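Here the structure comes first, spelled out in structure tokens, and everything after it is commentary.
The values are calculated or read from the model by the stated rules, or taken from the named source; none is laboratory data. Owing to the predicted nature of the structure, the values given are computational and were not obtained by experimental measurement. Reconstructed Cβ throughout: ideal geometry from the backbone, glycine too, with neighbour counts over all protein chains shown. To get the accessible areas, we keep the full protein, side chains included, count just its heavy atoms, and leave off ligands, DNA and RNA. Shrake-Rupley method; radii C 1.70, N 1.55, O 1.52, S 1.80 Å.
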Amino acid sequence: MASTALEIIAFTVSISGWLLVSSTVPTDYWKVSTNDGTVITTATFWANLWKTCVTDSTGVSSCKDFPSMLALDGYIQACRGLMIAAVSLGFFGSIIALFGMKCTKVGGSEQAKAKIACLAGVVFILSGLCSMTGCSLYANKITTEFFDPLFVDQKMGYAYNGPTSVMSSRTKYPGGGDIKTTNPSKQFDKNAYV
């Protein structure tokens with residue numbers, strides 16, 4: 001009974017992490033221009049994975065979508081790919097986890113359910129790794145440009161989106177790990193997950 005409760009809690013935590021990563025991808029403020037050293041700010045520049053925008057002092061925004069996938073910087077292409085992979089893996093991990101949970105009638109015997117649950121845990125962990133790597137790559141680029149004294153363009157800082165995406169990817173590790181390591185019944189030997 002305790003392992004069933006652990007599976008349900010791990011599944012809930014993993015689904016919440018997947019939902020947070022899914023809601024992070026389309027948000028607008030991945031990076032925002034800084035006001036450091038300026039007396040009067042007339043415009044705020046901000047960008048995400050899909051477009052770059054400017055908002056003037058009256059609150060009117062003007063956005064421009066990135067024109068071409070091939071014309072993008074490499075870190076944005078990599079971050080896009082990793083975040084989309086994280087969302088896709090999280091979706092498939094949740095479907096696989098439903099088949100491997102003890103409280104569902106689908107999935108076959110207890111041994112088959114244990115293997116399916118292990119696979120779901122691995123998929124959730126891979127999803128968390130993809131989202132954390134994508135967010136870390138984007139944050140590294142912002143930090144590198146911000147502290148580079150030779151960088152002459154507009155300095156950008158973190159927006160509220162960065163910590164949210166990193167924390168949402170971290171919720172997948174305990175959830176995926178708990179789904180992967182739930183104890184099968186005692187009748188299986190050490191190779192039950194192989």
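Using a 1.4 Å probe on the protein chains only, how many percent of the accessible area of segment 74-144 belongs to carbon and sulfur?
Numbers: 2260 of 3040 Å².
Roughly 74 percent, rounded to a whole number.
Could the peptides 150-156, 7-13, 125-131 be put in order, highest first, of the mean number of other beta-carbon atoms found within 10 Å of their residues?
On the way: 150-156: 11.4, 7-13: 18.6, 125-131: 23.7.
Packing order, densest peptide first, comes out as 125-131, 7-13, 150-156.
Return P(r) of segment 19-127 (all Cα-Cα pairs; 5 Å bins starting at 0; whole %; ordered from short to long distances).
Reading the bins upward from 0: 2, 11, 15, 14, 12, 11, 9, 7, 7, 6, 4, 2, 1, 0.
Send over a whole-number figure in Å² for the accessible area per residue of segment 20-131, probe 1.4 Å. The partial results should precede the final answer.
Numbers: 5770 Å² over 112 residues.
I get 52 Å² per residue for this part.
Where in segment 92-128 does the label zone of residue 9 land, with the point 7 angstrom along Cα→C-beta and an amide N cut-off under 18 Å?
From segment 92-128, the list is 101-103, 121.
Provide the FRET efficiency to the nearest 0.05 for the residue 92-residue 45 pair, computing r from the beta carbons and using R0 = 35 Å. Don't skip to the answer; put the middle values down first.
Details: r = 36 Å, r/R0 = 1.04.
Result of the calculation: an efficiency of 0.45.
For segment 72-151, take the convex hull of the Cα atoms, compute a quarter of its surface area, and give me that in nm², please. Could you put the intermediate results ahead of the total?
On the way: hull surface 24.2 nm².
It is 6.0 nm².
Which of the peptides 87-93, 103-109, 115-121 is most tightly packed, and how do the rest follow, going by the mean number of other Cβ atoms within 10 Å of each residue?
Taking the mean over residues of other Cβ atoms within 10 Å, the ranking is 115-121, 87-93, 103-109.
By how many nm would the segment from residue 65 to residue 105 grow when fully extended, if each residue of separation counts as 0.36 nm and the alpha-carbon distance is taken off? It would help to have the intermediate numbers written out before the result.
Working: separation 40, 0.36 × 40 = 14.40 nm, distance 4.65 nm.
My answer for the length gained is 9.7 nm.
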